[in-house]
Amino acid sequence: MNQIIMRGRCTADPFTSYGKDGKAVSMITLCVPDRSMPRDSKGDYPVDYIRCVAFNGLAGVIEKYCEKG
């Protein structure tokens, strides 16, 4: 299994829905600084917005512990 670890901020509260079979699906968008690019005039890195989808147990964890900011 491939694995990636991203550290950033949620741009909004996660959206979680449940299917007819009771399985959870959570969707979030992460704002992740792109440290491979040079900083701007304010000293900040440019950012990438990455949409993420999680299923079942991980979706429940995201719903419970993640929030905007």
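The values are calculated or read from the model by the stated rules, or taken from the named source; none is laboratory data. If you're wondering where the values come from, they're calculated on a predicted model, not measured in any experiment. FYI the Cβ positions are ideal-geometry reconstructions off the backbone, even for glycines, and counts take in every protein chain you see. Surface areas here come from the heavy atoms of the whole protein model, side chains and all, with no ligands, DNA or RNA. Shrake-Rupley method; radii C 1.70, N 1.55, O 1.52, S 1.80 Å.
Taking label positions 7 Å along the Cα-Cβ direction at both VAL25 and TYR49, the computed distance is 2.1 nm, reported to one decimal. Rounded to the nearest 10 degrees, the inclination of helix 56-65 to the longest alpha-carbon principal axis of the chain is 60 degrees.
Any chance you could run the full-extension gain for MET37 through TYR18? It's 0.36 nm times the residue separation minus the Cα-Cα distance, nm to one decimal.
Extending this stretch completely gives an extra 3.0 nm.
Grab the DSSP H runs of the chain that are 4 residues or longer, score each as -39,500 (n - 2.57), total them, divide by all residues and round the 222 nm result to the nearest 500 deg cm²/dmol.
-4500 deg cm²/dmol
Karplus-based coupling profile of the range 33-45, in residue order and whole Hz: x, 9, 6, 7, 9, x, 5, 8, 5, 8, x, 9, 7, with θ = phi - 60° in 6.51 cos²θ - 1.76 cosθ + 1.60 and x standing for Gly or Pro.
Taking all protein chains in place and a 1.4 Å probe, what share, in percent, of the accessible surface of the chain do carbon and sulfur account for? C and S atoms contribute 53 percent here.
Solvent exposure of the range 1-47 amounts to 85 Å² per residue of accessible area, where only protein heavy atoms count and the probe is 1.4 Å. Entry note, the chain: relative contact order of 37 percent, from Cα contacts under 8 Å with a spacing of 6+ residues.
Considering every alpha-carbon pair of the chain, the percent of pairs per 5 Å bin, from zero through the bin containing the longest distance, is 4, 16, 21, 21, 15, 10, 7, 4, 2, 1, 0. Among the lysines of the chain, pairs at least eight places apart or on separate chains and with Cα atoms under 24 Å apart come to 4.
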